[in-house]
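A quick write-up on the structure given underneath.
The values are calculated or read from the model by the stated rules, or taken from the named source; none is laboratory data. If you're wondering where the values come from, they're calculated on a predicted model, not measured in any experiment. Glycine also receives a Cβ, built like all others from the backbone with ideal geometry; neighbour counts cover every protein chain displayed.
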Amino acid sequence: MSFIIRAKHLYHRWRDPDRADADLDAEVRSYFEEIVERHIARGLTPEEARRAARLQFEGPEQVKARVREARMANSLETAFSDARYALRTLRKNPGFAFVAVLVLALGIGAATAIFSIVNAVLLRPLPYRNPDRLVSISSTVLQGGRFVPARTVTLNEVEAWRRLNGSFESIGSFVFTAFPAVVGEQPTHLVAIGADRELLPTLGVEPALGRNFAGSTSLQDPSVIVSHKLWSQALHSDPAAIGRSILLDGSRCTIIGVLPADFQFPRSDVSYFPEDPDLLLPIANIADSWGRDSAQWFAIARLKPHVSLAQAEAELKAFTPRITKQPIKTRLSALDAETTSAVRTPLLILFGVSVVLLLIACTNIMNLLLARAPGRSGEIAIRASAGATRWRLIRQMLTESFCLTILGGILGLALGWSLTGLLVRAAPAHLPVSGRVNIDLSVFGFAFAICTATALFAGLLPAMRLALHPWSLLGSLGSRDFGGRAFTRFQHALTVTQIALGFALLATASLLTHSLLRLSSVNPGFQTEGVLGFEFSIPGFSGPLPPGTSLAKHRQLIQRMLEATRTVPGVQSAGFVTFLPPETRSGAFVSFFNVGQGAQGAGTRLFGNSQVASEDYFKTVGVPILRGRDFTSADNAEAPQVAIVSESFARRYFANVDPLGQRISPFDPRNPPSEIVGIAGDMHDRGLSVNPFATVYLPYRQSVRGYGSIALRTDLPPETLIPELRARVAQVDSTVPVTNFTTIQGRIHRTLDEPRFYALLAGACGLMAVLFVSLGLYGVVSYSVSRRTPEIGVRMALGASRPSILGRVLRQGLWMAVFGVAAGMALSLAASKILVNLLFQVKPNDPATLALAAALVLAVTLFASFIPARRASRVDPVVALRHE
Amino acid sequence: MPKSAELLQGTLDLLILRTLALAPLHGVGIADRIQQVTKGVFVIGPGSLFPALHRLEERGWIEGQWGDLESGRRAKFYALTPEGKKRLAEEKRNWRKVATAVDQVLGGV
């Protein structure tokens with residue numbers, strides 16, 4: 001009501017400020033005249049009367065100014081004076097202010113930093129035109145004789161969809177690959193995307209310079225579109241680079257376009273290339289040699305307006321099996337969901353963790369403010385009696401929590417800003433970020449929103465409590481018995497909640513850490529120490545061989561590189577392999593056909609991960625040859641074809657028959673078969689969390705084209721060999737780009753990037769949570785001790801021993817801790833399902849982990865209540881009683 | 001002008017509301033009345049009276065209207081609004097509590 005009246009006054013003054021002023025002027029003048037008149041009536045001359053009135057009046061202008069001030073009183077001005085007052089109050093309690101601001105800064109900082117990642121990965125739209133209309137098409141792939149869901153499609157399917165569907169504006173297909181290249185002078189290794197000419201228009205992206213591919217998907221076209229990065233680094237941002245040629249895999253290609261600087265390729269599958277692609281080449285150039293009918297291609301389509309994802313999917317599902325004559329199930333998923341599917345759950349869990357942490361921080365502040373309330377009841381009552389309205393009091397109190405949160409928020413934002421930088425550096429390389437992880441407007445808005453929510457949440461209750469019943473406090477002005485049982489119970493409930501949440505966070509962190517430890521203690525099946533490797537690619541390893549080269553030359557080159565490697569001092573052994581372990585994109589699944597007289601009969605399809613290796617490779621990485629023999633230099637193109645299979649391949653396909661001597665043909669039963677001559681130990685060559693695949697190794701002299709890696713074993717620190725290796729390998733052929741020198745240990749470390757990142761973040765939040773919780777408990781128990789000092793004095797005077805007092809107080813803290821841990825345990829068990837997919841060989845209800853977390857929380861909380869308990873036990877009864 | 005007693009802001013509001021509860025008055029009238037009733041303990045100058053009046057009006061507890069004095073000059077007369085009447089009752093109750101409490105505290109020392 002009064003609010004409406006106030007608004008009315010405000011409106012009138014705003015509409016006609018002159019009139020309001022004139023009115024005030026008239027009023028003041030009338031007052032003045034009346035005083036003058038009075039003086040005249042007392043017998044003064046008009047002149048004297050005016051002078052007397054003026055003396056009495058303290059100046060009409062000052063009066064008017066003060067009236068204007070009074071009118072302003074309910075707006076900005078009060079806010080400032082409230083803030084000044086609040087800051088003064090906080091300055092008087094620097095300890096309280098410091099702890100509160102620090103807790104808030106940590107809570108807000110952590111939430112802001114994690115939100116900035118969530119924002120960049122999950123919330124920000126993909127950087128394409130109308131990204132919500134983009135879908136990713138996936139199909140099923142024949143694996144182990146069954147059709148299993150894959151994220152890929154065949155190019156023949158794409159062609160059929162293009163011809164027949166009515167739901168898509170366009171469909172673009174692409175594939176990830178990498179090539180040796182020469183841009184300018186330097187031989188390098190480039191990450192490339194094989195793309196058709198519909199891909200960029202489907203995404204709604206146009207080259208910044210030049211043009212898109214023109215040719216159809218079946219014609220070879222020696223054109224490439226380079227990334228902005230490659231253009232600016234290797235081509236010095238030269239606009240004349242359009243039309244220049246580069247050497248890609250030994251063939252000459254013409255640069256026809258440059259991608260925009262902010263272009264990001266949709267990273268549909270994290271297991272391919274985490275690096276940003278350097279260039280796009282026409283998919284037709286590799287389509288035939290890679291196999292149009294193998295499901296290894298990706299497809300992105302743009303839905304027509306008014307066609308929903310479900311409609312389009314229904315249509316594709318209906319006619320795809322008809323065209324392909326195979327029981328293929330096609331699925332559509334929104335492109336943004338598809339690109340983030342792998343990280344969505346863990347990121348949301350982390351975000352949840354940070355929000356809970358903030359919640360704990362909030363309850364902490366609330367508890368601290370509540371605990372301070374009794375000390376302030378007198379002050380509040382006096383303010384109330386001096387005419388402050390309830391609203392005014394609440395606002396004053398809220399200003400205090402707002403001041404705390406603003407200080408905490410500024411500090412938190414700064415903290416979040418630096419944390420964001422740290423997080424980005426620690427984040428796994430393939431985090432599908434749209435744009436950059438940074439503090440943008442939405443992160444800022446988020447921080448602002450959580451600050452406001454925090455201030456209201458933490459401050460409103462204590463403020464209402466004080467402001468609504470200032471009088472009830474007065475009866476006990478100065479006494480310590482404030483609030484009564486209900487209040488104490490509420491405060492305890494708050495603390496128990498806090499402990500429960502803190503326990504849940506710590507349990508999550510412990511589970512993730514436990515899982516990480518489990519993961520890193522997996523026996524990889526190969527030696528991790530003293531093994532160094534590097535990759536190389538010989539031009540012409542894909543597509544038609546460039547003139548003047550032959551497969552024989554490739555193989556000779558590899559042999560010479562191996563020999564050069566073996567001559568480097570310190571190298572004990574060296575071997576060739578397609579992909580060094582562990583490698584997420586290791587090898588390719590190939591069907592082999594059993595052409596021997598195996599138990600399952602001739603012609604059976606066997607699925608294996610295919611790798612090419614040399615003699616001594618197994619020795620170098622410490623994988624045992626369990627039966628049979630290793631490759632030798634005699635396993636060459638002229639000799640009978642041989643193969644080594646992994647233990648699991650042998651077990652899976654030759655369970656009832658001796659695998660040695662069996663013959664298998666790759667791709668087609670009519671291809672010349674290879675005889676199995678050895679069985680090698682299993683290895684986790686796709687990462688520690690992935691079970692070893694059934695693998696077939698073929699000798700490089702019989703099957704390789706120029707791409708692969710060389711592994712070498714040494715006693716010396718592996719990194720010290722790199723310069724010498726580089727030099728000797730370059731002597732063999734300076735046009736072969738040699739890249740990616742890594743130790744096996746380093747490679748294993750990298751495969752753990754993601755679980756380590758999550759464990760680290762959750763761990764940091766968990767530890768902060770425990771810190772906050774112990775601070776909260778410490779505050780509550782200290783408060784209760786200070787409130788009960790006289791009672792403790794009486795007890796001691798009556799003969800209670802110090803240990804018994806200590807026990808009493810400790811028990812109070814312990815009860816809260818036990819209740820809190822029990823509730824937290826229930827909470828963790830209820831929420832355990834969401835963690836399942838993030839954990840490796842650890843159950844989300846793992847008793848040992850939960851017990852450890854419980855023990856830690858109990859220990860810390862016990863310690864937090866021990867400090868005030870000891871203080872209580874040292875109370876001098878004489879002093880305590882004199883206080884009464 | 002000598003100040004007879006330090007006036008708390010809330011107290012002045014209370015005094016003005018109480019004064020206007022009897023009849024609408026203009027500025028000088030209110031000051032006179034308060035001085036009279038408190039037997040000269042509180043002398044209200046225009047420097048505190050005007051801001052108080054406008055603050056109360058702002059809150060909707062009193063309302064000002066121009067009228068004529070006996071002398072024929074115009075002056076602004078203030079009257080209590082229904083809101084103001086409620087407020088006065090509340091303030092009275094509060095004041096009694098404060099007075100009692102403060103008395104107790106003072107008595108206890």
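Taking strands (runs of 3 or more DSSP E) that fall entirely within the stretch A:610-688, which contain at least 1 residues that are within 38 Å of the chain's Cα centre (by Cα) and surrounded by 20 or more Cβ atoms within 10 Å (Cβ to Cβ)? Can you show your working first?
Details: elements: A:625-628, A:642-646, A:663-666, A:674-680.
Output list reads A:642-646.
With respect to the conditions (1) of a type in the set (Phe, Trp, Tyr); (2) without any contact (Cβ under 8 Å) to a residue 40 or more places away in the chain; (3) not in a helix (DSSP H, G or I), residue A:98 lacks only one, and its number is (3). Among the residues of the stretch B:70-87, the ones that are within 16 Å of the chain's Cα centre (by Cα) and of a type in the set (Lys, Arg) come to 4 in all.
Number of residues in the stretch A:163-220 that are modelled with pLDDT under 85, under 34 Å from the mean Cα position of the chain (by Cα) and polar (S, T, N, Q): the value is 2. A residue that is out of contact with any Lys or Arg (no Cβ under 6 Å at 6 or more places or on another chain), within 25 Å of residue A:775 (Cα to Cα) and surrounded by 15 or more Cβ atoms within 10 Å (Cβ to Cβ) cannot be found anywhere in the stretch A:830-845. Considered as a group, the residues in the stretch A:131-162 that are outside any loop (DSSP other than H, G, I, E, B) and basic (Lys, Arg) include one that is modelled with the lowest pLDDT, and that residue is A:146.
Considering every residue within the stretch B:68-80, establish whether at least one is without any contact (Cβ under 8 Å) to a residue 60 or more places away in the chain, out of contact with any Cys (no Cβ under 6 Å at 6 or more places or on another chain) and either among the β-branched types (Val, Ile, Thr) or over 30 Å from residue A:40 (Cα atoms) (or both). Checked against the condition, which is being without any contact (Cβ under 8 Å) to a residue 60 or more places away in the chain, out of contact with any Cys (no Cβ under 6 Å at 6 or more places or on another chain) and either among the β-branched types (Val, Ile, Thr) or over 30 Å from residue A:40 (Cα atoms) (or both), the stretch B:68-80 yields no hits at all. Of all residues in the stretch B:55-64 being in contact with a Lys or Arg (Cβ under 7 Å, 6 or more places away or on another chain) and modelled with pLDDT of 85 or more, which is farthest from residue A:64 (Cα to Cα)? Only one residue fits best here, namely B:61. Residues that are closer than 26 Å to residue A:30 by Cβ and among the small types (Gly, Ala, Ser): does the stretch B:86-106 have at least one? For the stretch B:86-106, residues closer than 26 Å to residue A:30 by Cβ and among the small types (Gly, Ala, Ser): absent. Cβ-Cβ distances below 7 Å connect the following pairs, each with a first residue in the stretch A:776-794 that is charged (D, E, K, R), a second residue that is surrounded by fewer than 21 Cβ atoms within 10 Å (Cβ to Cβ), and a separation of six or more residues or different chains: A:787/A:480.
Across the stretch A:832-882, the number of residues qualifying as touching a residue at least 60 places away in the same chain (Cβ under 8 Å), in contact with a Ser or Thr (Cβ under 8 Å, 6 or more places away or on another chain) and of a type outside the set (A, V, I, L, M) comes to 9.
Looking only at residues in the stretch B:69-85 that are at pLDDT below 85 and more than 9 Å from chain A (Cβ to nearest Cβ), the one that is farthest from residue A:19 (Cα to Cα) is B:70. Inside the stretch B:12-51, can you point out the residues that are within 23 Å of residue A:52 (Cβ to Cβ), out of contact with any Asp or Glu (no Cβ under 8 Å at 6 or more places or on another chain) and in a helix (DSSP H, G or I)? Once the filter is applied, which keeps residues that are within 23 Å of residue A:52 (Cβ to Cβ), out of contact with any Asp or Glu (no Cβ under 8 Å at 6 or more places or on another chain) and in a helix (DSSP H, G or I), the stretch B:12-51 yields B:29, B:30, B:31, B:32, B:33, B:34, B:35, B:36, B:48, B:49.
Name the single residue, out of those in the stretch B:33-62 being more than 11 Å from chain A (Cβ to nearest Cβ) and among the hydrophobic types (A, V, I, L, M, F, W, C), that is surrounded by the fewest Cβ atoms within 10 Å (Cβ to Cβ). Taking the candidates together, the pick is B:41. Consider the stretch B:86-101 and keep the residues that are in contact with a helix residue (DSSP H, G or I) (Cβ under 8 Å, 6 or more places away or on another chain) and facing chain A (nearest Cβ under 10 Å). The one that is farthest from residue B:17 (Cα to Cα) is B:101. Taken together, the residues in the stretch B:65-97 that are assigned to a strand (DSSP E or B) and surrounded by 13 or more Cβ atoms within 10 Å (Cβ to Cβ) amount to 8.
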